[in-house]
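Student: Here it is: the structure, laid out below.
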Amino acid sequence: MFKPNKYLNFWVKLIIGLVVIAFVGWKIYQIMQSESYKGPFETQFTWQLIGVVLALMAVNWSIEAVKWKTLMQTLKPLTFKAAFAAVLAGISTGIITPNRLGNFIGRTISLEKDIKTKATLLTFLSNLSQFVPTVFFGCLGLLAITTNYQSQQQLIILCTGVLLLVLALILYMHPKHANRKPFNYLFTTKIVAAINFIEQTPPRIKIKLLVLSALRYLVFLTQYALLLLLFEQNQGVFILLVNVTVVYLLMTIIPGLLFGKLFVREAAGLLVLSQIGVPDVVILTTGFILWLINIGVPSLVGTIALFRKK
């Protein structure tokens, strides 16, 4: 049950964020209305592309629901509908936390107290399973574009990505390795118990999660590329896809403060996509639209679902 005092901070952040989003949206609208702007909706397959992007939104979160349903089968079997509702609720609570780590609040809010703590731990396992393919494909993409132009910054990003990928895989498959010297001196008994619980997750479930996470990654990768094509960016589909993988790699490495990494994607896009000639206004607009489709709208639906549980 929601308590006004407890959730005051939630509403303050939400209102501020909505004002910022509205301001950015208004600025983008003004740019679109300028005479010098050549925007979207001019391609031969405009509405088909829009329809596919919107359909992929449902696919995106459906895959995440299957992931959550798979994880929860060890605690409490869920229907797909219940898992999907939990995922949407998680989007609404995660949107105002750094790197969307608060998604566990919405996902576990309707669960019994005796399994809520363990379910919370499973959300972190789910997040880590999505982290692995993002870094993996991002490193591959960075290697691909390095053949065309090379810089010290790219080398640093690549080395950081590879290191994070190796560490993530080790901790994902065998989190018990985190409970070793000197790190175990920092852990409380509750943290140690949590690590042991995640360690007990069957390997087949972990591998299934990685496969589902890779499929989900390919979905929002495709969405981004389709939106760029909608703005008549004709650098080539492969070039766009490869560079977008690097954008997502940077998004993963760069910490996000609020609103599902809104503006982090745009900053990473400006750094990477401008290198292949994508105009800044297109980068900003596509990033905002993608956030609105994949995070903004689902979080609104999730918020409604949360209030229905009140």
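Student: Just for region 187-218: of the residues that are polar (S, T, N, Q) and outside any helix (DSSP H, G or I), which one is surrounded by the most Cβ atoms within 10 Å (Cβ to Cβ)?
Tutor: At the first step, the residues of region 187-218 found to be polar (S, T, N, Q) are 188-189, 196, 200-201, 213.
Filter once more, so that each one left must be outside any helix (DSSP H, G or I): 188, 200-201.
Details: THR188: 8, GLN200: 9, THR201: 18.
The qualifying residue surrounded by the most Cβ atoms within 10 Å (Cβ to Cβ) is THR201.
Student: Right, next: Can you name the residue in region 75-108 that is under 13 Å from the mean Cα position of the chain (by Cα), closer than 13 Å to THR120 by Cα and not in a helix (DSSP H, G or I) and is also modelled with the highest pLDDT among such residues?
Tutor: If we take residues in region 75-108 being under 13 Å from the mean Cα position of the chain (by Cα), closer than 13 Å to THR120 by Cα and not in a helix (DSSP H, G or I), then GLY102 is modelled with the highest pLDDT.
The values are calculated or read from the model by the stated rules, or taken from the named source; none is laboratory data. Predicted model, so just to flag it, every value in this text is computed and none were measured. Counting neighbours? That spans all protein chains shown, and the Cβs are built from the backbone with ideal geometry, glycine included.
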